[in-house]
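The values are calculated or read from the model by the stated rules, or taken from the named source; none is laboratory data. On a predicted model such as this, the values are computed, not experimentally measured, just so you know. Cβ placement follows ideal geometry from the backbone for every residue including glycine, while neighbour counts extend to all protein chains displayed. The area values use the complete protein model at the heavy-atom level, side chains included, leaving out ligands, DNA and RNA. Shrake-Rupley method; radii C 1.70, N 1.55, O 1.52, S 1.80 Å.
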Amino acid sequence: MRTLKACLFDLDGVIVDTAKYHFIAWRQIAREQGFDFRETDNERLKGVSRQRSLEILLEVGGVTLDADAKLCLAEKKNALYLQYVMKMTPEEILPGAAEFVKACRAAGYRTAIATASRNAVTILDLLRIAPLFDVVMDGNKVSRTKPDPEVFLNCARDLRVAPVECAVFEDAEAGIEAALTAGMLAIGIGEPTILKKADLVVPGLSSLSVDQLGFEANNKTVRS
């Protein structure tokens with residue numbers, strides 16, 4: 001029987017919706033480079049590092065730049081993004097997210113943030129939910145981004161639990177793939193058609209209970 005001991009949460013799209021701010025900032029960068037960046041293009045950036053996001057953006061626009069120019073653009077994008085992020089308030093936490101994390105902790109699960117974002121600590125502080133997480137593993141602490149499982153495996157290490165004892169909550173295909181590669185229970189947050197590899201998909205954390213989480217863990221053991 002699989003015993004869960006920890007819950008690992010992606011930040012963007014699971015705890016809070018900062019994707020809109022990323023999109024606004026990337027779109028401005030694209031327009032300065034002479035092309036349009038659409039919301040459908042932005043879907044490709046979910047769960048991806050800042051530098052890789054820039055590479056994808058430039059691919060969309062057919063733009064080639066040298067390494068120094070790319071670095072400057074990535075830094076400019078982050079500055080634009082932070083202008084919006086610094087105005088965030090606790091009201092922007094996604095429905096049921098804080099309540100679910102609190103319920104997980106009350107049930108004895110350890111909790112962590114596992115994200116490619118380099119601004120996770122700032123965002124958690126602004127949302128006033130930093131104390132809800134035992135570990136924050138962000139883009140400043142990993143060298144490989146999802147679908148590589150490094151961020152999740154590092155969380156498990158720092159929480160002192162085995163990967164098989166972790167449940168991951170993700171809104172991106174790359175994140176689901178990383179969780180499964182790590183041997184963890186993968187809970188998709190979003191559309192089943194997109195997150196079809198997940199063990200379970202729900203619209204949001206408000207649709208999930210801690211009891212259901214335990215059931216899914218046992219069910220995954222049966223399926224595997």
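Annotations
- Local electrostatic count, ARG31, Cβ distance below 14 Å [Lys/Arg +1, Asp/Glu -1]: +1
- Estimated dipole of the chain in Debye, rounded to 20 [Cβ of Lys and Arg +1, of Asp and Glu -1, Cα centre]: 400
- The chain: C-alpha gyration tensor shape, a/c 1.5 cut-off, then a/b vs b/c: prolate
- Computed over the chain with a Gaussian network model linking Cα atoms closer than 10 Å, the most mobile of ARG38, ARG110, ARG118 is ARG38.
- Look at where the Cα atoms of segment 29-105 and of segment 116-137 average out, and the two centres are 17 Å apart.
- Farthest towards the positive end of the charge dipole of segment 70-109, among the residues CYS72, ALA103, GLN83, is the Cα of CYS72, using unit charges on the Cβ of Lys, Arg, Asp and Glu.
- Heavy-atom accessible area ranking, 1.4 Å probe, most first, across THR111, THR40, THR122: THR40, THR122, THR111
- Beta bridges per DSSP with both ends in the chain, % antiparallel, nearest 5: 5
- Whether segment 73-203 is rounded, prolate or oblate, judged on the alpha carbon gyration tensor where a/c under 1.5 counts as rounded: rounded
- Gyration tensor verdict on segment 1-48 (Cα atoms; rounded if a/c is under 1.5, prolate if a/b is larger than b/c, oblate otherwise): prolate
- Peptides 176-184, 20-28 ranked from most to least packed give 176-184, 20-28, packing being the mean of other C-beta atoms within 10 angstrom over each peptide's residues.
- Placing unit charges on the Cβ atoms only, positive for Lys and Arg and negative for Asp and Glu, gives segment 71-190 a dipole magnitude near 300 debye about its Cα centre.
- Partners of LYS141 within straight-line reach, counting aspartates and glutamates whose Cα lies under 14 Å from its Cα and excluding those fewer than 8 residues away in the same chain: GLU150, ASP158.
- For segment 177-224, a crude dipole built from +1 on the beta carbon of Lys and Arg and -1 on the beta carbon of Asp and Glu, taken about the Cα centre, is about 140 debye to the nearest 20.
- Candidate cross-link partners of LYS102 among the lysines, defined by an alpha-carbon separation under 21 Å and a same-chain spacing of 8 or more, comprise LYS5.
- Computed from label points 7 Å out along Cα-Cβ, the spacing between ALA106 and VAL121 is 3.0 nm.
- Put ARG44, ARG50, ARG160 in order of accessible area, highest first, and with a 1.4 Å probe you get ARG160, ARG44, ARG50.
- For the chain, with +1 on Lys and Arg beta carbons and -1 on Asp and Glu, the positive-most of LEU132, LEU205, ASN119 along the dipole: LEU132
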